[in-house]
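Enquirer: Pasting a structure here, questions to come.
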Amino acid sequence: MHRIIFALFFFLSTSLIWAQDDPIPKPISLGDSLPTIDETQFKEAFFDSFQKKFKFLGEKVDKELKDSATIEMYKIFQYGKKIATIDTSLTVLKEYKKNYLRKDYFELLPFVNMGHAFNRLGYDFTQNPLLSQLGARSKHYAFFEIEDVKYYEVPTPFTELFFRTTMEQGQLSDATISVNTSPQFNFAFSYRGMRSMGKYVNQRAANEAVRLAFTFKSKNDRYNARAHYVSQTIDNEENGGITEASIELFNSGDENFKDRSVLDVRLRGAQSILKGKRSFLDHNFALFKGEKNPKSPKWSIGHKIYNESKYYTYSDTQNSNYFGALLPETELNDRVNWAIVNNRFQTQFQQQQFGKLTAAIEFSKIDYFFPSEEIPITEVEQVTTTIENTQEEGLTESLQATQTFFNVNYEFKWRGFDLTADFNKTLFGSQLSDEISLKSKIELKNKFFFEAKALFRNRTPNFNFVRYKSAYEHYNWYNTDLNNEKLTSIAAALSHPLFGQFSGSVQRLESYTFFKQRFANIDEQTGEVPDQLLVEVAQSSSPTTYFKLRYESQYIWRKWQLNSTAQYQKVSSSNSSPTTDLHLPEWNIRSTVSFSSDLFQKALFVQAGITGHYFSSYYADLYNPLLGDFIWQDQKKIGNFPRMDVFINARVQRTRIYFKYEHFNANFTGYDYYSAPSYPYRDSILRFGIVWNFFE
């Protein structure tokens, strides 16, 4: 690839070399006779000389690049995260991330089909965004946010291919190609595509995401820019879970129902789609760079802008009554839209002894609306006007939020001590959001590392709590009296390479907003409660305290390794009610025993092991495909079942191969495993995956 990039350079260089090496020809006068030259000999001599010189230069450049390039030079940048390098190692911690999200699933409980939804086994509310979002939170786990997009800086072209088998009739592929066309400009293209039919009726998942990322810096390093474009779609068929009769058949373990497609489901024609596009640019210019003396001050100005739009749709060709009665003369094709335009202007001052201080003004405008007719997503980005209220319902068809923030960020480093403080305040706007955070790190003696965090946040609830419109009668609301959610969090962690890491946090939630299950009225004819999923928007009447304590360790003895994570959680409320507004398992434990060894004179590295995962029973949230969200309930518990996986992984040079037999204990530990009420967890299944890196 680099030969193509440098082809023109080689051609021009060879021309200059010929001009320098060959002697200056003697001038020919008009009276002299011209020498006779055989045309064939001339061509052969010319091309032989060209090939020799071109080949010499090509080999020279190849040798210089290969000799000078090291793995540390292949860098990855992510917004708000530390700089990382390409890692081709094979470890247990990386084995945890070889999945659909390419993240650790410790606090996530995946649904039976890949690319569908995830239930929660733990929370970190400090990761929630400050601005109000669309909602449909169950669909956003695989959504590439701004901080998820990767930028690259590579000395030679870099390619990564990721492949993994799915549940049924499909596959997952994720490919990245990154090229530095010059030391100043990098281009990266990534594509993720996934399709899986699933084991149950009406459960197909077909998702894709295209990412384009660019980085540029001037030769004097005064101007730097990062930009990306993302287009992504998360498409799922929704079956509403298996029916009550099928739950009994599933729990029985009857051999006749091991084929899960024979179990009856609640929805057979429903589908949900989350689709979004985003354009992002972040650039800055250094007014004073301080090249001569590293202690001299640096001053820069910067600008960030992004424009994002997305929509969530739910449709059902069979017009099921699972969500209650339909409104008369309405088509069951619900759609909600969300679009944001955000501008940030900042100035930054940095000095070695003083630290780094950043001050910024940020403007954001959000539109949340329900179009009366289908609008392509390209037009959603241009919608900024308010749609008139409907006369039939008297409810607004759109919400619009504008906010102007003042932000100050301070970073200080000194002899192993890091301090970061962030202040975000709404100056004016239709919504109010504030955030203050403080984070410190210090390296103690004997390789101990201590970190502490404190955060206070005041934010408005997501828009789907305020307003929702549906073809179902019970899914239309407009709540104008919701309070702002307030979060106070304190966290600390103490770690050591040998003893592991202890971490704990206390999060206090005020006016916590959530969806709550509401039961249908008794049928007068049958005297039974219909099997329907109805909801209502609720806010905590009293503060909720969420305590979490975790221990992580990694012990190595010769070729054996033990990785363990144990997490204890407790949720309490200041009121006298025995139930809380946040349900989580008290214990969440995972442990892996593995064996690793080099074979064939270190040409092959093999890793084999077994992983066990257990969480205690709790009232897990219900999944609601109409909203794309989870619903609080206190009627059915899940959990208290072990999940065990066996894996064999191998690495050959820069290629990693993964074999895993997931949940192999399903057939002999009981059929009471669920991801959510009415949604069974995965049966035993053999999975295969591969990650292949190319450094051209």
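Enquirer: Could you check region 624-679 and list, in sequence order, the residues that are closer than 30 Å to residue 462 by Cβ, touching a residue at least 60 places away in the same chain (Cβ under 8 Å) and of a type in the set (Ser, Thr, Tyr)?
Expert: Within region 624-679, 675, 678, 679 meet the criteria.
Enquirer: For region 466-491, what are the residues that are surrounded by 15 or more Cβ atoms within 10 Å (Cβ to Cβ) and more than 20 Å from residue 128 (Cβ to Cβ)?
Expert: 469, 470, 471, 472, 474, 475, 477
Enquirer: Please return the ranges of strands (runs of 3 or more DSSP E) entirely within region 636-696 where 1 or more residues are in contact with a helix residue (DSSP H, G or I) (Cβ under 9 Å, 6 or more places away or on another chain) and under 19 Å from residue 90 (Cβ atoms).
Expert: Counting at least 1 such residues, we get 643-652, 655-662, 685-695.
Enquirer: Taking the conditions exactly as written (of a type in the set (Ser, Thr, Tyr), farther than 30 Å from residue 490 by Cβ and over 16 Å from the mean Cα position of the chain (by Cα)), does residue 100 satisfy them or not? Step through it out loud before you land on a result.
Expert: Numbers: of a type in the set (Ser, Thr, Tyr): yes; farther than 30 Å from residue 490 by Cβ: yes; over 16 Å from the mean Cα position of the chain (by Cα): no.
No: the conditions fail for residue 100.
Enquirer: Which of the numbered conditions does residue 527 fail, given that it passes all the others? Conditions: (1) over 25 Å from residue 462 (Cβ atoms); (2) at pLDDT 95 or above.
Expert: It fails just one condition, (2).
Enquirer: Separate question: Taking only region 468-504 into account, find how many residues are basic (Lys, Arg) and within 27 Å of residue 123 (Cβ to Cβ).
Expert: 1
Enquirer: Considering only residues of region 187-206 that are aliphatic (A, V, I, L, M) and more than 16 Å from residue 139 (Cα to Cα), which is surrounded by the most Cβ atoms within 10 Å (Cβ to Cβ)?
Expert: Per the criteria, the residue is 188.
Enquirer: Looking for whichever is out of contact with any Leu (no Cβ under 6 Å at 6 or more places or on another chain), assigned to a loop (DSSP other than H, G, I, E, B), among the hydroxyl-bearing types (Ser, Thr, Tyr) and surrounded by fewer than 17 Cβ atoms within 10 Å (Cβ to Cβ) here; the options are 89, 173. Which one fits? Break it down stepwise before answering.
Expert: On the way: 173 fails: assigned to a loop (DSSP other than H, G, I, E, B).
Sole residue among the options that is out of contact with any Leu (no Cβ under 6 Å at 6 or more places or on another chain), assigned to a loop (DSSP other than H, G, I, E, B), among the hydroxyl-bearing types (Ser, Thr, Tyr) and surrounded by fewer than 17 Cβ atoms within 10 Å (Cβ to Cβ): 89.
Enquirer: Is there any pair with a first residue in region 338-363 that is without any contact (Cβ under 8 Å) to a residue 60 or more places away in the chain and more than 17 Å from residue 410 (Cβ to Cβ) and a second that is aromatic (Phe, Trp, Tyr) and surrounded by fewer than 17 Cβ atoms within 10 Å (Cβ to Cβ) whose Cβ atoms are under 6 Å apart and which are 6 or more apart or on different chains, and what are they?
Expert: That search, which allows pairs on different chains as well, returns 343/363.
Enquirer: Looking at this structure, is residue 330 surrounded by fewer than 19 Cβ atoms within 10 Å (Cβ to Cβ) and part of a strand (DSSP E or B)?
Expert: no
Enquirer: I'd like the full set of residues that are crowded, with 17+ Cβ neighbours inside 10 Å and polar (S, T, N, Q), limited to region 207-232.
Expert: 207, 215, 224, 232
Enquirer: Here's something else I'd like to know. Taking the condition out of contact with any Cys (no Cβ under 7 Å at 6 or more places or on another chain), on the phi > 0 side of the Ramachandran plot and loosely packed, with under 14 Cβ neighbours inside 10 Å, does residue 602 pass?
Expert: Considered against the rule, which asks whether it is out of contact with any Cys (no Cβ under 7 Å at 6 or more places or on another chain), on the phi > 0 side of the Ramachandran plot and loosely packed, with under 14 Cβ neighbours inside 10 Å, residue 602 comes out as yes.
Enquirer: Just the residues that are in a loop (DSSP other than H, G, I, E, B) and within 15 Å of residue 110 (Cα to Cα), please, taken from region 599-624.
Expert: Of everything in region 599-624, those that are in a loop (DSSP other than H, G, I, E, B) and within 15 Å of residue 110 (Cα to Cα) turn out to be 620, 621.
Enquirer: If you don't mind, there's one more thing I want to ask. State whether one or more residues within region 69-78 are surrounded by 17 or more Cβ atoms within 10 Å (Cβ to Cβ), of a type in the set (S, T, N, Q) and touching a residue at least 60 places away in the same chain (Cβ under 8 Å).
Expert: Scanning region 69-78, I find no residue that is surrounded by 17 or more Cβ atoms within 10 Å (Cβ to Cβ), of a type in the set (S, T, N, Q) and touching a residue at least 60 places away in the same chain (Cβ under 8 Å), so the answer is no.
Enquirer: I would also like to ask the following. Tell me, which residue of region 510-568 that is without any contact (Cβ under 8 Å) to a residue 40 or more places away in the chain and among the hydrophobic types (A, V, I, L, M, F, W, C) is surrounded by the fewest Cβ atoms within 10 Å (Cβ to Cβ)?
Expert: Looking at residues that are without any contact (Cβ under 8 Å) to a residue 40 or more places away in the chain and among the hydrophobic types (A, V, I, L, M, F, W, C), I get 557.
Enquirer: Kindly provide the set of residues from region 483-524 that are hydrophobic (A, V, I, L, M, F, W, C) and at pLDDT below 95, ordered by number. Talk me through it step by step, then tell me what you get.
Expert: Of the residues in region 483-524, the ones hydrophobic (A, V, I, L, M, F, W, C) are 487, 490-494, 498-499, 502, 506, 509, 514-515, 519-520, 522.
Scanning region 483-524 gives 498, 499, 519, 520, 522.
Enquirer: Within region 512-570, count every residue that is within 29 Å of the chain's Cα centre (by Cα), under 30 Å from residue 593 (Cα atoms) and basic (Lys, Arg).
Expert: Result for region 512-570: 3.
Enquirer: Now a separate question. Pull up region 92-110, narrow it to residues that are assigned to a loop (DSSP other than H, G, I, E, B) and of a type in the set (A, V, I, L, M, F, W, C), then point me to the one that is nearest to residue 628 (Cα to Cα).
Expert: So, considering only residues that are assigned to a loop (DSSP other than H, G, I, E, B) and of a type in the set (A, V, I, L, M, F, W, C), the one nearest to residue 628 (Cα to Cα) is 101.
Enquirer: Condition (residue is charged (D, E, K, R) and at pLDDT below 95) applied to region 660-674: is it met by at least one residue? Give the derivation first.
Expert: So in region 660-674, the residues charged (D, E, K, R) come out as 660, 662, 672.
Now narrow it down to the ones that are at pLDDT below 95: 672.
Yes.
Enquirer: Looking only at region 625-650, count how many residues are among the charged types (D, E, K, R) and more than 26 Å from the chain's Cα centre (by Cα).
Expert: Of the residues in region 625-650, 3 are among the charged types (D, E, K, R) and more than 26 Å from the chain's Cα centre (by Cα).
Enquirer: Which residues, taken from region 131-157, are of a type in the set (Val, Ile, Thr) and either at pLDDT 95 or above or touching a Pro at 6+ places or on another chain (Cβ under 7 Å) (or both)?
Expert: Matches in region 131-157: 146, 149.
Enquirer: Another question about this same structure. Return only the number of the condition from (1) out of contact with any strand residue (DSSP E or B) (no Cβ under 6 Å at 6 or more places or on another chain); (2) touching a residue at least 12 places away in the same chain (Cβ under 8 Å) that residue 228 does not satisfy.
Expert: (1)
Enquirer: Going through region 276-327 one residue at a time, which ones are under 30 Å from residue 351 (Cα atoms), hydrophobic (A, V, I, L, M, F, W, C) and surrounded by fewer than 17 Cβ atoms within 10 Å (Cβ to Cβ)?
Expert: If the condition is that a residue be under 30 Å from residue 351 (Cα atoms), hydrophobic (A, V, I, L, M, F, W, C) and surrounded by fewer than 17 Cβ atoms within 10 Å (Cβ to Cβ), then 281, 285, 287, 288, 299, 301, 305 are the ones that fit.
Enquirer: Further, regarding this structure: Of the residues 200, 191, which single one is among the aromatic types (Phe, Trp, Tyr) and under 21 Å from residue 691 (Cβ atoms)? Give the derivation first.
Expert: Values: 200 fails: under 21 Å from residue 691 (Cβ atoms).
Exactly one of 200, 191 is among the aromatic types (Phe, Trp, Tyr) and under 21 Å from residue 691 (Cβ atoms), namely 191.
The values are calculated or read from the model by the stated rules, or taken from the named source; none is laboratory data. Not measured: the values here are computed from a predicted model. Cβ atoms come from the backbone with ideal geometry, glycine included; neighbour counts cover every protein chain shown.
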